[in-house]
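Trainee: Here it is: the structure, laid out below.
The values are calculated or read from the model by the stated rules, or taken from the named source; none is laboratory data. Please read all numbers here as calculations on a predicted model, not as lab measurements. Reconstructed Cβ throughout: ideal geometry from the backbone, glycine too, with neighbour counts over all protein chains shown. Heads up: the accessible areas ignore ligands, DNA and RNA and are worked out on the full protein's heavy atoms, side chains in. Shrake-Rupley method; radii C 1.70, N 1.55, O 1.52, S 1.80 Å.
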Amino acid sequence: MKKLFVDTSAWVAVVNRRDQYHTIAVPFYKKALKNYGQLLTTNLVAAETYVLLRLDSGLDVALGWWEKISTSLKIQVVYIDPDITTEAVKLLRKFDDQTFSLTDAVSFKVMERGGIEEAFAFDVHFKVAGFTMLP
C-alpha cells in the first residue's frame with residue numbers, strides 16, 4: 001500500500017482559502033486521497049495545524065478539520081512515543097546547521113520508520129532531509 005506523509009504546511013493550504021498554496025493544494029489532496037492507500041500525519045503536525053487554523057480561520061474550521069481527519073479511514077494520525085522523540089532530537093543535533101523544528105524531525109523519523117519517501121508539503125525542510133516534496 002502506497003503511503004503519503006502530510007505536513008502542517010499542506011493541511012493549512014488545503015483548508016485555508018487565503019493560503020498562498022491553496023489553489024495547488026486542494027486538487028492535489030483530492031488526487032492523493034484516491035491515489036494513495038493511506039495518508040499519514042502525526043499528532044504534532046495535527047497540533048500545529050489546529051493552532052494555525054484556529055488563529056486564522058476560527059474554532060469551527062479548526063475543529064471541523066480535526067474531526068474530518070481523525071475519523072477518516074484514509075488518514076492515519078501517528079501518535080509519537082518517547083523513542084521517536086529521542087531519535088528526532090538526535091537528528092536535530094546532527095543537522096544543527098538547519099532550522100528543523102521538533103515537529104519536522106519527528107515527521108522525518110516517522111517517514112523513515114514507515115518507508116515513506118513522499119511528503120505532501122510546502123516546507124523545504126522535507127527536501128533538505130532527502131524526501132520528495134509533492135506537489
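Trainee: Label Asp83 and Val26 with points 7 Å out from Cα along Cα→Cβ: what is the distance between them in nm?
Mentor: Each label point is offset 7 Å from its Cα along the Cβ direction, giving 4.2 nm.
Trainee: Using alpha-carbon positions, what is the distance between the centroids of the stretch 1-50 and the stretch 71-135, in Å?
Mentor: Going from one Cα centre to the other spans 14 Å.
Trainee: Roughly how much of Leu44 is accessible, in Å² to the nearest 10, using a 1.4 Å probe?
Mentor: 50 Å²
Trainee: Another one. A 29 angstrom limit on the alpha carbon distance is what I want to check against. Which of Lys34/Lys127; Lys31/Lys94; Lys34/Lys109 exceed it?
Mentor: Too far apart for the 29 Å limit: Lys31/Lys94.
Trainee: Can you list residues from other chains, or at least 5 along the same chain, whose modelled amide H is less than 5 Å from the amide H of Ile75?
Mentor: Leu39
Trainee: Once R0 is set to 22 Å, what does the formula 1/(1 + (r/R0)^6) return for the Cβ-Cβ distance between Lys34 and Lys68, expressed as a FRET efficiency to the nearest 0.05?
Mentor: The formula returns an efficiency of 0.85 here.
Trainee: Now a separate question. Top mean-square fluctuation among Asp104, Asp81, Asp19, Gaussian network model of the chain, C-alpha springs under 10 Å?
Mentor: Of Asp104, Asp81, Asp19, the Gaussian network model singles out Asp81 as fluctuating most.
Trainee: Another question, if that's okay. Roughly how much of His22 is accessible, in Å² to the nearest 10, using a 1.4 Å probe?
Mentor: 30 Å²
Trainee: Then there's this: State which helices in the chain qualify, where a helix is a whole DSSP H run, it must extend 15 Å or more along its own axis by its Cα atoms, and its mean Kyte-Doolittle hydropathy must be at least -1.0.
Mentor: Result, helices passing both filters: 22-35, 43-57, 59-71, 82-94, 102-114.
Trainee: How many times 2.2 N^0.38 Å is the alpha carbon radius of gyration of the stretch 39-124? Display every interim value, and only then the final one.
Mentor: Working: Rg = 13.8 Å, N = 86, 2.2 N^0.38 = 12.0 Å.
Taking N as the residue count of the stretch 39-124, the ratio is 1.15.
Trainee: If I compute solvent accessible area with a 1.4 Å probe over the protein chains, what percent of it on the stretch 1-103 is carbon and sulfur?
Mentor: About 55 percent, which is the carbon plus sulfur part of the accessible surface.
Trainee: Between Arg18 and Met1, what is the label-point separation in nm under the 7 Å Cα-to-beta-carbon projection?
Mentor: For the pair Met1/Arg18, the computed spacing is 3.7 nm.
Trainee: Suppose every Lys and Arg Cβ carries +1 and every Asp and Glu Cβ carries -1, with no other charges. What dipole size does the chain come out with about its Cα centre, to the nearest 20 debye? Walk me through the numbers on the way to the answer.
Mentor: Working: 16 positive and 16 negative charges, 104 e Å.
Computed about the Cα centre, the dipole is about 500 debye.
Trainee: For the chain, which span is the longest to avoid every loop-located (per DSSP) member of trypsin sites (Lys or Arg not before Pro) having at most 15 other Cβ atoms inside 10 Å?
Mentor: Counting at most 15 other Cβ atoms within 10 Å as exposed, the longest clean stretch of the chain is 75-135.
Trainee: Still on this structure: Taking the stretch 30-135, which chymotrypsin sites (Phe, Trp or Tyr not before Pro) meet the DSSP loop condition and have no more than 16 other C-beta atoms within 10 Å?
Mentor: Taking the stretch 30-135 and a limit of 16 other Cβ atoms within 10 Å, the loop chymotrypsin sites (Phe, Trp or Tyr not before Pro) found are Tyr79, Phe95.
Trainee: Provide the solvent-accessible area of Thr99, counting protein heavy atoms only and rolling a 1.4 Å probe, rounded to the nearest 10 Å².
Mentor: 110 Å²
Trainee: Can you tell me the accessible area per residue over the stretch 1-74, all protein chains present, probe 1.4 angstrom, in square angstrom?
Mentor: 56 Å²
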